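Scroll down for the structure; my scribbles are underneath it.
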Amino acid sequence: MALAFAGNGTITGLSVGGLPDGTVDEDTLANNAVGSGKLASGVGGQILQVLQKQVTEIVSFTHSADSWADATGLSLAITPSSSSSKILITGTVNLGTYVYGMIQILRDTTVIGVGTGSVGSKTPCHIGNQNHDAASTYECFPHPLHWIDSPSTTSATTYRVQFRGHSSSTVYINREYNSGDDNNRTVPVSTITLMELSSATVS
């Protein structure tokens, strides 16, 4: 069929592959002209933004017996660009505690990323440690954060870390519970990092 140019700007008679290579380039395509459904499997995923909060100093906290408290400095707000985006939460919280210590993650006021098993009176948490002897109070335990969340919003969303320790004893970030002063002791850094992932990135 011969090509025909209509007065309204349309062309008839053009078959698939009828244009020479290079006729249509990336700049010719309109923004968002190609949807994710037209991409090859595994193509199109993106990290849309990355935010990080760091705590480099030593911080001590007191809290009520058997209760959760905010780890000041380890909270971070992010505004997703799409309601379909996922938020990857990573980081490490270094705790010095007496007997035990545990952490949990919250999206605003909602607890996320904790165990769901029910065994007696055990406490669901994101991660925790149990000190078995007095020597362990001289250790600073790393508690890694790793969770993919679906906030389903484009409003500012705050992710924060809470901790819980034994009774009402003091909990330390970035030092041991029983701290000495020699070069065998460490002063680590605690962080929380948020990455907004496009929905095509996560399967």
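The values are calculated or read from the model by the stated rules, or taken from the named source; none is laboratory data. Worth saying up front: this structure is predicted, and the values here are computed from it rather than measured. Glycine also receives a Cβ, built like all others from the backbone with ideal geometry; neighbour counts cover every protein chain displayed.
Side notes on the structure shown:
- Identity of the residue in segment 139-173, modelled with pLDDT under 95 and part of a loop (DSSP other than H, G, I, E, B), that ends up farthest from ILE105 (Cα to Cα): GLU139
- Among the conditions (1) loosely packed, with under 14 Cβ neighbours inside 10 Å; (2) under 30 Å from LEU48 (Cβ atoms); (3) touching a strand residue (DSSP E or B) at 6+ places or on another chain (Cβ under 8 Å), SER152 misses just one, which is (3).
- Remark: pairs (first residue in segment 59-79, of a type in the set (Lys, Arg); second residue not in a loop (DSSP other than H, G, I, E, B); Cβ separation under 7 Å; 6+ apart in sequence or on different chains) are absent.
- Subset of segment 97-122 that is of a type outside the set (Val, Ile, Thr) and over 23 Å from the mean Cα position of the chain (by Cα) - its residue that is nearest to SER152 (Cα to Cα): SER118
- None of ASN184, ASN129, ASN178 is modelled with pLDDT under 90 and either closer than 19 Å to ALA69 by Cβ or surrounded by 18 or more Cβ atoms within 10 Å (Cβ to Cβ) (or both) except ASN129.
- Residues that are farther than 19 Å from THR157 by Cα, in contact with a strand residue (DSSP E or B) (Cβ under 7 Å, 6 or more places away or on another chain) and either assigned to a strand (DSSP E or B) or not aliphatic (A, V, I, L, M) (or both) within segment 52-66 comprise VAL55, VAL59, SER60, PHE61, HIS63, listed in sequence order.
- Search result, residues across segment 8-22 that are of a type in the set (Ser, Thr, Tyr) and either at pLDDT below 75 or part of a strand (DSSP E or B) (or both): THR12
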